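Working notes, beginning with the structure itself.
What follows draws every value from the coordinates through simple rules; no lab data is involved. This one's a predicted model, so the numbers in the text were calculated from it and none came from an experiment. Reconstructed Cβ throughout: ideal geometry from the backbone, glycine too, with neighbour counts over all protein chains shown.
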Amino acid sequence: MIAKQPALGRPEATCAALIPVKKSASWWRLAQDERRAVFEEQSEHIKTGLKYLPAVARRLHHCHDLGEPFDFLTWFEYAPADSAAFEELVATLRRSEEWKHVEREVDIRLVREVAA
């Protein structure tokens, strides 16, 4: 399944989103196996993400232990034709059990101009 992950910077992927996320203190108080169960079994986070490959490429950066204001920075890239798929992906993740532990998010959308 990993082979389906497209590279970032594809010419057709002119749409992007940067979504920094901060999880609640209650999330971080859960034992690692409890967090993993919510993430994998209850929310099916990875399974959900794989469903949208190769249309939506992503890169995740973990920041929790760096003392930054957000725990995760996620960068998504997709073609305009895949905008609906991206919106569905984000909506599905936001309805998940895991998302109940999100304290804050910022959703920044970008569009790259294509030279004429």
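How far is helix 83-94 tilted, in degrees, relative to the longest principal axis of the Cα atoms in the chain, given as a value from 0 to 90 rounded to the nearest 10? The two axes meet at around 0 degrees.
Using the Cα centre of the range 12-111 as the reference point, and only Cβ charges (+1 on K/R, -1 on D/E), how large is the resulting charge dipole? Debye, rounded to the nearest 20. Using Cβ point charges on Lys, Arg, Asp and Glu, the range 12-111 gives about 120 debye.
Suppose a student asked you for the relative contact order of the chain, using Cα pairs under 8 Å spaced at least 6 residues apart; what percent would you report?
Numbers: 170 pairs, mean separation 51.9, N = 116.
The normalised contact order for the chain reaches 45 percent.
Here the label points at GLU87 and GLU103, each 7 Å from Cα along the C-beta direction, are separated by 3.1 nm in the simple model.
What the Cα atoms of the range 12-111 give is an Rg and a Dmax of 13.7, 41 Å.
Can you compute the label reach from ALA115? Point 7 Å from Cα along the Cβ direction, backbone N cut-off under 14 Å, restricted to the range 6-21. Only 11 fall inside the zone, counting backbone N under 14 Å.
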